[in-house]
Amino acid sequence: MNRFMFRMAWRETRGAWRHFLYFFVCIAVGVGALVGVSLFAAHVDRAVSTQAKGLLGGDLEIRSSHPLSAEGRAVLGSLDQRAITRTHVSELVAMAARSTKGSTAAQATQIVELKAVDSGYPLYGALKLEPSASLEHLLHPDLSRCQSGSCHGAVVQEALLLRMGLAVGDRLKIGTVEFLITGVVRLEPDRMANAFSLGPRVIISVAGLKASALLQPGSRVRERELLKLAPSLSLESLRAELRGRLAADHVRVSGYRDGQPQLKQFLEQLSRYLGLIGLTALFIGGLGVAMSIHAFMREKLKTIAILKTLGADSPLLIGAYVLQAIGLGLIGSVAGMLLGIVLQRVLPPLLAGAFVSDLLEQIGASTDLSAVSIGPLFKGGVLGLLTTLLFALWPLFRVREIAPAAIFRREIDPNSSGDPHTGSTWRGKLGLQDRFSVSTAGALVGGLAALAAWQAGSWRIGGWYIGGVALAILSLLGCARLLVWGLRRMPRPASLSLRYAMGNVLRPGGHTGGILVAIGISVMVIVTVSLVEQALLRQIGETRPIDAPTFFFIDLQPDQTAAFAKLIGAQTAGRTPEMTPLVRSRLHAVNGQEVKIEEERDQDERRDESKEERRKQWYLSREYVLTFLDQLPKGNEIVHGAWWRPGQRFAMPQVSVEEEAARSLGLEVGSRIDLDIQGASIRAEVSNIRKVDWGNFSTNFYMILSPGSLEGAPITYVATIRVDPDQEIPLQEAVVAAFPNVSAIHVGDVLRNFANVLDRLALAIRAVALFCVVSGGLVMAAALASTRYRRLYESVILKAVGATRGLIARSFAAEYALLGLIGGILAVGLSSALSWLLLTRVFDLTWRLHPMVLLIGLGCTVLLTLSVGLLSTFRILGQRPLAILRHE
């Protein structure tokens, strides 16, 4: 019997291989999407694991936002006696000005992300430079290449050269020092992942940074001390020791296993959601498998009936066709694996355009055929086979219901139906008339849920996903039935082609429901992505007030404020900048209880934390930028308590707290907090709680103190000014020339960078979602191919009674356009509902209808179905009636 099953499966496949072409292509597309995303995720995990020390820059990192105290420096000095290698890195934002005359079209000034390094940098990883010389040599060029006695070199990103019209060998002024551009940075191993980079990277020496006079009291700078341990030293014990000895300096001590947690978490989440989109493509392909098997079973009714009369039982026949499905699914899965290998080469470049982290470039460079992981390939192949089985078993199990007598009776009585798939009740139509069919349906749903959980790596996410897919399918089927019901009750159009098209859509056995589900889900994914992207961009554009500042000038020193205001007035015809004092601090105690900051925990512990607990830890551990103001800032509203009166003095400093921070910290009016400002502590009483409009592009704060509270603290200023577009470049150049330590952040550049990030992310998601559309098109083609003979027979009958080829073509086109219109209406409707859910519940933003996106989605859906339909059936138009009718 087993031998017969294999022989039958081979013969059936060999004799009808064209019929199953859509079968394994549907599986190949879905598996290709899954494998491509899984390979990308595997390369991310491998790159983070193997390059973890390079990503952090050392075995341990000691990070702070201010220089260490004398005691802290002594602690670091004591490490030199324990075979520990150290190097120091300072990172800050600065302004660069062109010293060498360049193109008039190029920028004369540019904000840059400055990095000052010691001679030992990097401790781990490879810094790729052009020319390929040592970093020490490039940062300390020969005196013969410099015009002055001291000589400082700089290596820069190529983007800086392009923006400022410079080349290697030209000079760049940063702060009070001119730097000679000696090379280009091609790869930087430990650049922090940052989607919103303010400017290109410039690397200089620590000596060059000190000479530039950029470091002033209160300047925004990230100080990093990187440590390389001897193999005999315990990393965990040293980390615990340094946390205790450096507690007074409020530093963050991290191990290489904790390096780049934001990047790793983001890429893991992105890979998971892209994988779920790929799983959607596979499930849509599974729908095509079910349609192909269903159509094949309809054609094999007589063969199955004959075999049953000769003694073959249902398990034997089901086993033969299951073997056939496994073989075809295996071919499709292998093809999908090859397609996935191609796809995983595409994702890193798409995302690398949005994120400055060089990890993505390293991932893209490592994704050659020799580095392909076996695990994702195996997982994708297994998912493809399991999906094939799940969707194939549903129509195959109906072999049990085929009655030979009914099949043969149909030859005599055409009115008798031998199709077991028809029924007078909804249970019969769905195949739920017995317990076995109900069990099969339950196994199908449970199997799909298990596959979703396996792909997502979480039963909770898998459950939400399969629930959402089930809800979308039920909604599509329900709405499709309503629309079809409405079409039945519409008056028949006068046009013969339109009337025939409506008849094809409404007739039984036309797979209208399956086609609409496949088209609807696939288009819904892409339209939803576009709607969310448009809503986020619109939110950014609309929340920017008309009078939003053009520039933020940071690191302005107290003794520079008067001269700065005078310069601004001279450059802008008398306009006055708004200057706000800033002091950096950390939370020391809340209501007398000292803040205990929980140090880094492993990934599982962080995942198990509640959202409220993570938010509370964030507010406890973050650094606060304080200010003191007389008046309530613009865009702020008092929700509890009262703002102090101008000139009012207090025995204890008063503080105004933003409402979300107050809620997370458990503060209310009358509570007391202790703030640590570079070792000095002040206690303040909460006098009011504010609601802040963070989108007004003003200088907003979590905590604002009453005037006089920060006397003696190291203060810097941030200044904002709004100018006309033609004044932007002259003003920026004048400020950089007069105040080299001041950095100018252009609000428009930040917004454009944010828009670029959204665009790149949406592009990467659409690249995977496109597989859903391809799967939907294949399902439609498979459904049309399953009714090919009936369409062929009807077309030759029409030709025989006088219909022209043009009339039949118009009828087919109208049918496909009608299917596309119905599917498009359902897709844009569901995508609107899904985007509303995401924007209001996930992003906490207002939802608005985007008619243009919906119309474009609807038009593309109609064009897609029209193109797929005509390509699938155009050969029918050329068939001659006599050759077809002779077989009847």
Quiz item: How many residues are surrounded by 16 or more Cβ atoms within 10 Å (Cβ to Cβ) and among the basic types (Lys, Arg) if we restrict to the range 70-124?
Solution: 3
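Can you tell me which residue in the range 156-181 is farthest from the chain's Cα centre (by Cα), limited to those that are among the acidic types (Asp, Glu) and not in a loop (DSSP other than H, G, I, E, B)?
Of the range 156-181, the ones among the acidic types (Asp, Glu) are 158, 170, 178.
With the extra rule that they be not in a loop (DSSP other than H, G, I, E, B), the set shrinks to 158, 178.
Numbers: Glu158: 26, Glu178: 40 Å.
Here the answer is Glu178.
On the basis of being in contact with a Cys (Cβ under 7 Å, 6 or more places away or on another chain), open to solvent by less than 60 Å² (accessible area, probe 1.4 Å) and among the polar types (S, T, N, Q), does Ser775 make the cut?
On the way: in contact with a Cys (Cβ under 7 Å, 6 or more places away or on another chain): yes; open to solvent by less than 60 Å² (accessible area, probe 1.4 Å): yes; among the polar types (S, T, N, Q): yes.
Yes, satisfied.
From Leu227, Leu238, Leu242, Leu233, which residue is part of a strand (DSSP E or B) and more than 27 Å from Gly175 (Cα to Cα)?
Details: Leu238 fails: part of a strand (DSSP E or B); Leu242 fails: part of a strand (DSSP E or B); Leu233 fails: part of a strand (DSSP E or B).
So the residue among Leu227, Leu238, Leu242, Leu233 that is part of a strand (DSSP E or B) and more than 27 Å from Gly175 (Cα to Cα) is Leu227.
Quick one: is Glu685 part of a strand (DSSP E or B) and open to solvent by 40 Å² or more (accessible area, probe 1.4 Å)?
yes
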Quiz item: Taking the condition on the phi < 0 side of the Ramachandran plot, at pLDDT below 85 and among the aliphatic types (A, V, I, L, M), does Ile546 pass?
Solution: yes
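Test of understanding: among Asn700, Asn753, which residue is in contact with a Phe, Trp or Tyr (Cβ under 7 Å, 6 or more places away or on another chain), assigned to a helix (DSSP H, G or I), of a type in the set (S, T, N, Q) and in contact (Cβ under 8 Å) with a residue 24 or more places away in the chain? Break it down into steps so the answer makes sense when it comes.
On the way: Asn700 fails: assigned to a helix (DSSP H, G or I).
Just one listed residue meets the conditions, Asn753.
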Practice problem: Would you point out the residue of the range 747-767, among those that are open to solvent by less than 30 Å² (accessible area, probe 1.4 Å) and either at pLDDT 85 or above or more than 13 Å from the chain's Cα centre (by Cα) (or both), that is nearest to Gln560 (Cα to Cα)? | Solution: Val747
Self-check item: Tabulated pairs, the range 517-537, first on the phi > 0 side of the Ramachandran plot, second among the polar types (S, T, N, Q) and buried (at least 24 other Cβ atoms within 10 Å of the Cβ), C-beta under 7 angstrom, 6+ apart or interchain
Solution: none
Quiz prompt | Failed item, numbered, when Asp118 is tested on (1) touching a Pro at 6+ places or on another chain (Cβ under 9 Å); (2) modelled with pLDDT of 90 or more | solution = (1)
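Conditions tested, residue by residue: (1) touching a strand residue (DSSP E or B) at 6+ places or on another chain (Cβ under 6 Å); (2) open to solvent by 20 Å² or more (accessible area, probe 1.4 Å); (3) aromatic (Phe, Trp, Tyr); (4) modelled with pLDDT of 85 or more.
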residue	(1), (2), (3), (4)
Ser150	no, yes, no, no
Gly153	yes, no, no, yes
Glu158	yes, yes, no, yes
Gly165	no, yes, no, yes
Asp170	yes, yes, no, yes
Glu178	yes, yes, no, yes
Val185	yes, no, no, yes
Quiz item: Is at least one residue of the range 216-229 within 30 Å of the chain's Cα centre (by Cα), surrounded by 23 or more Cβ atoms within 10 Å (Cβ to Cβ) and more than 15 Å from Asp59 (Cα to Cα)?
Solution: no
Quiz prompt | Per-region count, the range 574-607, residues assigned to a loop (DSSP other than H, G, I, E, B) and at pLDDT 85 or above | solution = 6
Quiz item: Restricting to the range 703-743, what's the tally of residues that are closer than 17 Å to Gln107 by Cβ, open to solvent by 20 Å² or more (accessible area, probe 1.4 Å) and either in a loop (DSSP other than H, G, I, E, B) or in contact with a Gly (Cβ under 8 Å, 6 or more places away or on another chain) (or both)?
Solution: 1
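Has the range 649-666 got at least one residue that is open to solvent by 30 Å² or more (accessible area, probe 1.4 Å), hydrophobic (A, V, I, L, M, F, W, C) and within 40 Å of the chain's Cα centre (by Cα)? Show your work before the answer.
Of the residues in the range 649-666, the ones open to solvent by 30 Å² or more (accessible area, probe 1.4 Å) are 649-653, 659-660, 663, 666.
Next, only the ones that are hydrophobic (A, V, I, L, M, F, W, C) stay: 650-652.
Pick out the ones that are also within 40 Å of the chain's Cα centre (by Cα) and you get none.
Within the range 649-666, not a single residue is open to solvent by 30 Å² or more (accessible area, probe 1.4 Å), hydrophobic (A, V, I, L, M, F, W, C) and within 40 Å of the chain's Cα centre (by Cα).
Which of the residues belonging to the range 822-846 are over 19 Å from Val517 (Cα atoms), open to solvent by 30 Å² or more (accessible area, probe 1.4 Å) and touching a residue at least 12 places away in the same chain (Cβ under 8 Å)? Walk me through it before giving the result.
Filtering the range 822-846 for residues over 19 Å from Val517 (Cα atoms) gives 836-846.
Cutting the leftovers down to open to solvent by 30 Å² or more (accessible area, probe 1.4 Å) gives us 836-838, 840-846.
Listed by number, the residues that qualify are Leu838, Phe843, Leu845, Thr846.
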Practice problem: Would you be able to tell me the number of residues in the range 572-597 that are farther than 21 Å from Ile677 by Cα, of a type outside the set (A, V, I, L, M) and open to solvent by 70 Å² or more (accessible area, probe 1.4 Å)? | Solution: 3
Quiz prompt | Some residue of the range 850-873 being within 25 Å of Glu299 (Cα to Cα) and of a type in the set (Gly, Ala, Ser) | solution = yes
Quiz item: Mind checking whether some residue in the range 242-265 is closer than 30 Å to Val29 by Cβ and open to solvent by 10 Å² or more (accessible area, probe 1.4 Å)?
Solution: yes
Quiz item: Picking from Ala494, Ala472, which residue would you name as being of a type in the set (Gly, Ala, Ser) and within 23 Å of Met524 (Cα to Cα)?
Solution: Ala472
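Being in contact (Cβ under 8 Å) with a residue 60 or more places away in the chain, over 30 Å from Gly514 (Cα atoms), outside any helix (DSSP H, G or I) and not hydrophobic (A, V, I, L, M, F, W, C), is that true of even one residue in the range 759-773? Let's see the steps before the verdict.
Step one: list which residues in the range 759-773 are in contact (Cβ under 8 Å) with a residue 60 or more places away in the chain, which gives 759-773.
After this cut, where a residue has to be over 30 Å from Gly514 (Cα atoms) as well, the list is 759-761.
Among the residues that remain, those that are also outside any helix (DSSP H, G or I) are: none.
No, every residue in the range 759-773 fails to be in contact (Cβ under 8 Å) with a residue 60 or more places away in the chain, over 30 Å from Gly514 (Cα atoms), outside any helix (DSSP H, G or I) and not hydrophobic (A, V, I, L, M, F, W, C).
So in the range 793-821, with the set limited to residues that are of a type outside the set (S, T, N, Q) and open to solvent by less than 10 Å² (accessible area, probe 1.4 Å), which one is nearest to Arg481 (Cα to Cα)? Show your work before the answer.
Pass one, the range 793-821, residues of a type outside the set (S, T, N, Q): 793-794, 796-803, 805-810, 812-821.
From the residues that got through so far, the ones that are open to solvent by less than 10 Å² (accessible area, probe 1.4 Å) too are 796, 808, 812, 815-816, 819-820.
Working: Val796: 30, Ile808: 26, Phe812: 21, Glu815: 17, Tyr816: 17, Leu819: 13, Gly820: 15 Å.
Top of the filtered list is Leu819.
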Quiz item: Since Arg841 meets every condition but one in (1) assigned to a helix (DSSP H, G or I); (2) at pLDDT below 80; (3) touching a helix residue (DSSP H, G or I) at 6+ places or on another chain (Cβ under 9 Å), which condition does it not meet?
Solution: (3)
Quiz item: Going by the conditions given, is Arg880 touching a residue at least 60 places away in the same chain (Cβ under 8 Å), of a type in the set (D, E, K, R) and at negative phi?
Solution: yes
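Going by what's in this entry, would Leu235 be described as modelled with pLDDT of 80 or more and either out of contact with any helix residue (DSSP H, G or I) (no Cβ under 6 Å at 6 or more places or on another chain) or surrounded by 16 or more Cβ atoms within 10 Å (Cβ to Cβ) (or both)? Let's see the steps before the verdict.
Details: modelled with pLDDT of 80 or more: yes; either out of contact with any helix residue (DSSP H, G or I) (no Cβ under 6 Å at 6 or more places or on another chain) or surrounded by 16 or more Cβ atoms within 10 Å (Cβ to Cβ) (or both): yes.
Judged against the criteria, Leu235 is a match.
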Exercise. Would you please list the contacts, defined by Cβ atoms under 8 Å and residues six or more apart or on different chains, that run from a residue in the range 315-328 that is surrounded by fewer than 24 Cβ atoms within 10 Å (Cβ to Cβ) to a residue that is among the basic types (Lys, Arg)?
Key: Leu317/Lys308; Ile318/Arg400
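The values are calculated or read from the model by the stated rules, or taken from the named source; none is laboratory data. All values reported here derive from a predicted model rather than from experimental measurement. Ideal geometry is used to build each Cβ from the backbone, glycine not excepted, and the neighbour counts take in all protein chains shown. These area figures cover heavy atoms from the full protein model, side chains too; ligands, DNA and RNA do not enter into them. Shrake-Rupley method; radii C 1.70, N 1.55, O 1.52, S 1.80 Å.
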